[in-house]
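What follows is a short report on a single structure.
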Amino acid sequence: MKKLKIGNFDNLSLQGIDEDSELIPLMTPEDEEEIQREELPESLPILPLRNTVLFPGVVIPISAGRDTSIKLINDANAGGKVIGVVSQKDENVEVPELEDINTIGTVARILRVLKMPDGNVTVIIQGKKRFEINEIIQNEPYLKATIKEVPQEKPDEGDSEFTAIIDSIKELSLQIIKDSPNIPTEASFAIKNIESNSFLINFVSSNMNLNVEEKQELLEIHNLKERALATLKFMNVEVQKLNLRNDIQSKVRHDLDQQQREYFLHQQMKTIQEELGGVSYEAEIEEMRERAKSKKWDDKVKEHFEKELSKMQRMNPQVAEYSIQRNYLDLFLDLPWNKFSIDKFDLKRAQKVLDTDHYGLEDVKRRIIEYLAVLKLRNDMKSPILCLYGPPGVGKTSLGRSIAKALGREYVRISLGGLRDEAEIRGHRKTYIGAMPGRIIQSLKKAGTSNPVFVLDEIDKLSVGHNGDPSSAMLEVLDPEQNSEFYDNFLEMGYDLSKVMFVATSNSLNTIQPALRDRMEIINVTGYTIEEKVEIAKRHLLPKQLEEHGLTKDHLKIGKRELEKIVEGYTRESGVRGLEKQIAKMVRYAAKSVALEEEYNVKVTVEDVEKVLGPARLERDKYENNDVAGVVTGLAWTRVGGDILFIESILSKGKGTMSITGNLGTVMKESATIALQYIKSNAEELGINPEIFDKYNVHIHVPEGATPKDGPSAGITMLTSLVSLFSQRKVKKSLAMTGEITLRGKVLPVGGIKEKILAAKRARIKEIILCEDNRKDIEEIKADYLKGLTFHFVREMSEVIEIAVTNQKVKNAKKL
């Protein structure tokens with residue numbers, strides 16, 4: 001609220017009156033009734049106000065500066081002293097018209113007019129009744145309009161709700177006056193002595209801290225009870241603002257007092273320490289010097305530490321650089337310089353640990369045992385840089401922990417996914433507050449030894465940002481010839497990383513920088529067969545989920561047949577992460593039944609699997625359409641393992657054009673073009689009438705169009721599809737193929753053979769066609785993976801067609 005002045009109508013003091021002052025007459029109900037009996041004139045001069053709203057009964061001083069307003073006041077003061085007061089919609093309008101003013105205002109009586117030295121006129125007016133403008137009848141020299149009275153609807157006598165609202169308004173008004181430092185305490189006297197309810201509402205509305213639009217809304221409410229309720233709502237908001245403001249001031253004052261108290265205590269402590277003959281930070285420096293005596297430093301590191309410690313001793317403890325220097329020396333003392341854990345060379349125990357933690361993954365286990373054997377013989381071998389490469393969920397990251405367990409070393413892991421800042425690897429230069437070492441040095445500090453097993457997770461997802469290239473910074477970390485003197489910007493010295501065993505994990509090799517990939521030994525961790533998944537679920541996943549859900553093996557038992565159902569019907573992946581989620585659903589179902597004391601089958605049946613997990617979503621029926629010409633199964637490699645895909649082709653009458661769909665890349669489209677051209681040039685040998693190439697259009701489609709596909713591996717698949725289409729002959733059942741073709745009909749080798757073989761087994765493929773040069777890849781695969789598969793190794797495309805395309809015509813074969 002604004003500053004208030006209390007006065008009487010007849011003897012108002014004009015001394016000290018300004019625009020921010022309100023005059024409070026002690027209006028009685030009799031005075032209000034007398035005002036209500038007064039008749040309004042048919043027309044009145046209209047005085048627009050820029051930034052205030054006049055309410056009935058309220059006395060306010062206003063300052064008139066516009067020539068039209070001054071003339072209006074002078075004419076009215078000389079005449080009937082009654083004017084119409086309205087508020088402007090936009091205070092910036094200098095010459096307001098009818099559309100610039102509110103149509104509902106208050107009839108006012110001029111009490112006093114005072115000419116000011118600056119030429120303006122200050123006039124004290126009292127609101128009488130509300131009115132509404134009918135029509136403007138005069139624009140010059142000021143506005144004049146015909147008006148009509150706006151009656152006020154009063155509540156019934158004895159309305160308890162209205163009485164309660166009035167009491168609340170009085171109570172909140174007194175509270176606001178008490179809590180606000182800008183309102184004089186005399187205002188509470190006026191509130192207590194107001195007898196008229198309508199005047200109380202108008203008076204409070206006029207003095208509230210509201211803008212012109214909000215006050216105009218209150219003035220235009222005809223029902224007094226509704227206006228009182230709206231006023232009360234605004235007052236509640238005002239009280240909340242005051243309480244919040246006072247709370248903030250109290251907290252700020254408390255914080256300032258606390259800071260002053262702490263400052264005085266620190267000053268007293270400093271004085272006491274000086275009187276005792278020293279300062280606190282010197283004891284800290286001596287403590288660092290004592291800790292340094294137990295470190296296994298070489299002379300170079302020791303000399304550097306002493307130099308930096310002397311620099312800190314000369315610093316003023318109050319400057320910001322002091323804390324940076326202290327953090328730097330703390331890092332020096334916390335790093336495990338020349339501190340190594342003792343490796344365990346029990347190779348049989350190491351093999352047992354690896355076999356217990358991971359089923360399968362024979363290549364990785366063999367490489368770890370080889371490393372241990374060489375280390376046992378030489379005991380000074382530099383640690384290798386291994387990169388476990390394979391699809392998600394096959395256990396690459398957890399292998400790192402098992403390696404550390406087998407070696408008896410500390411285990412450290414950092415995730416590199418999305419890393420964009422080179423300083424995360426090399427550290428920040430200690431030239432500003434907040435500088436810190438890189439994550440390599442921080443992790444060694446955490447490990448406490450200089451030869452941990454260090455897992456660099458997701459190394460293929462390093463990103464290039466505006467703060468440098470982290471993958472380039474990793475070159476020094478992962479080069480055995482350089483990392484014996486790894487330089488961290490914060491440490492400002494070389495640190496020996498040659499004894500650290502780095503194990504990187506990656507889903508793809510394509511995104512790894514070639515120079516970085518060259519420094520690592522790539523170990524391919526491929527997917528699992530159905531038999532391996534069942535065994536992993538039985539040995540690891542089910543016991544783990546039972547423990548995490550608070551159950552024991554007596555609460556739930558899933559047999560081999562049921563696990564095979566889950567693997568084949570509900571997961572389609574190379575790893576076992578999705579399988580673990582499905583097993584977790586089964587365990588949660590058992591946990592719920594145990595908690596609710598419901599009956600359930602402890603030994604899970606196939607029916608229970610379908611009940612809990614729903615109908616099988618991935619039951620494969622890939623070969624029902626083998627009676628259709630032009631449909632061939634291919635094998636593909638993806639970042640999440642192997643998969644099978646279909647090549648479909650169809651003929652339509654036309655001019656011999658070829659179209660390709662299925663979200664295919666450039667290489668795959670080129671394979672289709674090569675296949676068609678090879679068939680055209682060898683049509684007679686393939687038993688195809690050359691005339692059909694000019695009479696029919698060919699359309700090739702690869703389903704799952706939302707998935708991008710590219711690569712040369714589908715070359716022989718596309719050629720087989722087209723030969724089957726043009727000859728209208730069937731393709732052999734349960735057959736899949738992969739290989740690249742040339743225009744001469746040669747079949748070239750492709751990659752990702754093991755992943756493709758696993759995908760073929762998951763899809764119940766029986767025969768696979770591969771290039772002869774891929775025979776060596778098959779020989780490297782474990783014999784168990786190849787069980788039930790027949791391989792055909794070819795060099796020419798003619799061999800593929802002879803094996804894949806039968807002499808049997810398809811049903812409803814077209815006559816071409």
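Do the sum for the chain: with -39,500 (n - 2.57) for every DSSP H run of n ≥ 4, divided by all residues, what is the mean residue ellipticity at 222 nm, to the nearest 500 deg cm²/dmol?
Helix contribution divided over all residues of the chain: -13000 deg cm²/dmol.
I need the trypsin sites (Lys or Arg not before Pro) found in the range 629-668, filtered to DSSP loop residues with at most 16 other beta carbons within 10 Å of theirs.
Filter output for the range 629-668: Arg639, Lys655.
Among all the aspartates and glutamates, which ones have a C-alpha under 20 Å from Lys461's C-alpha, if same-chain residues fewer than 8 places away are not counted?
Asp421, Glu422, Glu424, Asp469, Glu476, Asp479, Asp518, Glu521
Mean separation of Cα pairs under 8 Å and 6+ residues apart, divided by the residue count of the chain: what relative contact order is that in percent?
Answer for the chain is 7 percent.
Place a label point 7 angstrom from the Cα of Leu40 along the Cα-to-Cβ direction, then list the residues of the range 90-106 whose backbone nitrogen is under 11 Å away.
104-106
Where in the range 437-451 does the amide nitrogen come within less than 11 Å of the point 7 Å from the Cα of Lys296, taken along Cα to Cβ?
Of the residues in the range 437-451, 449-451 have backbone N under 11 Å from the label point off Lys296.
Are there any GluC sites (Glu not before Pro) in the range 113-175 that are in a DSSP loop and have at most 14 other Cβ atoms within 10 Å? List them by number.
Here the GluC sites (Glu not before Pro) that fit, given the DSSP loop and packing criteria, are Glu157.
Could you pull out the GluC sites (Glu not before Pro) across the range 684-768 that fall in loop regions by DSSP (anything but H, G, I, E, B) with no more than 16 other Cβ atoms inside 10 Å?
Glu684, Glu685, Glu691, Glu704
Using the count of nearby Cβ atoms within 10 Å as a rough guide to exposure, how do Ser63, Ser443 rank from fewest to most?
Listing Ser63, Ser443 from fewest to most nearby Cβ atoms yields Ser63, Ser443.
Set the Förster distance to 35 Å, then compute FRET efficiency between Glu548 and Lys339 from the Cβ-Cβ distance, nearest 0.05.
Efficiency, rounded to the nearest 0.05: 0.50.
In terms of modelled amide H atoms, which long-range or inter-chain residues lie less than 5 Å from the amide H of Leu111?
Ile124, Ile125, Gln126
Can you give the charge dipole size of the chain about its Cα centre, rounded to the nearest 20 debye, using +1 on the beta carbon of Lys and Arg and -1 on the beta carbon of Asp and Glu?
5200 debye
Name the residues whose placed amide hydrogens come within less than 5 Å of the amide hydrogen of Met436, ignoring near sequence neighbours (fewer than 5 apart) on the same chain.
His428
Could you tell me the distance between the Cα centroids of the range 396-449 and the range 194-234, to the nearest Å?
Here the two parts' Cα centres lie 67 Å apart.
Could you tell me the center-to-center distance, by alpha carbons, between the range 666-700 and the range 51-87 in angstrom?
The distance from the Cα centre of the range 666-700 to that of the range 51-87 comes to 97 Å.
Roughly speaking, what is the stretch gain from Lys89 to Asp167, that is 0.36 nm per residue apart minus the C-alpha to C-alpha distance, in nm to one decimal?
Result for the pair: 24.8 nm of gain on full extension.
Which is farthest toward the positive dipole end of the range 530-613 among Ala590, Gln545, His555, measuring Cα position about the Cα centre, with Cβ charges +1 (Lys, Arg) and -1 (Asp, Glu)?
Projecting each Cα onto the dipole axis, the largest value belongs to Gln545.
Rounding to the nearest 20 debye, state how big the charge dipole of the range 23-116 is about its Cα centre with +1 on each Lys and Arg Cβ and -1 on each Asp and Glu Cβ.
Here the range 23-116 has a charge dipole of around 480 debye.
Once phi is turned into ³J(HN,Hα) by the Karplus curve 6.51 cos²θ - 1.76 cosθ + 1.60 with θ = phi - 60°, what whole-Hz value does each residue of the range 588-596 show in order, with x for glycine and proline?
5, 4, 5, 4, 5, 5, 5, 5, 8
Compute the separation of the alpha-carbon centres of the range 300-349 and the range 110-184 and state it in Å as a whole number.
The range 300-349 and the range 110-184 have Cα centres separated by 77 Å.
For the chain, take the longest principal axis of its alpha carbons; what is the angle in degrees between that and the long axis of helix 396-407, to the nearest 10 within 0 to 90?
Between the helix axis and the principal axis of the chain, the angle is about 70 degrees.
Taking the chain as the reference, fit the longest principal axis to its C-alpha atoms, fit the long axis of helix 347-357 to the helix C-alpha atoms, and give the angle between the two in degrees, 0 to 90, nearest 10.
Roughly 50 degrees between the two axes.
Which far-off residues, 5 or more places away or on another chain, put their amide H under 5 Å from the one on Leu645, with H placed in the peptide plane?
Under 5 Å from the amide H of Leu645 lie the amide H atoms of Gly634, Leu635, Ala636, each far enough along the sequence or on another chain.
At 7 Å along Cα-to-Cβ for each site, give me the label-to-label distance between Asn134 and Glu535 in nm.
Distance between label points: 10.4 nm.
Using only Cα atoms, tell me the angle between helix 320-334 and the longest principal axis of the chain; keep it within 0 to 90° and round to the nearest 10.
30 degrees
Which order do Val113, Val455, Val602, Val107 fall in if you start with the one that has the fewest other Cβ atoms within 10 Å?
Val602, Val113, Val107, Val455
Which of rounded, prolate or oblate describes the range 136-178 when judged by the alpha-carbon gyration tensor and an a/c cut-off of 1.5?
Cα axes put the range 136-178 in the oblate bin.
Every read-out reported here was derived from the displayed coordinates using simple, explicitly stated rules and does not represent laboratory data. Values in this document were obtained by computation on a predicted structure and should not be read as measured data. Neighbour counts are summed over all protein chains in view; Cβ atoms, including those assigned to glycine, are modelled from backbone coordinates with ideal geometry.
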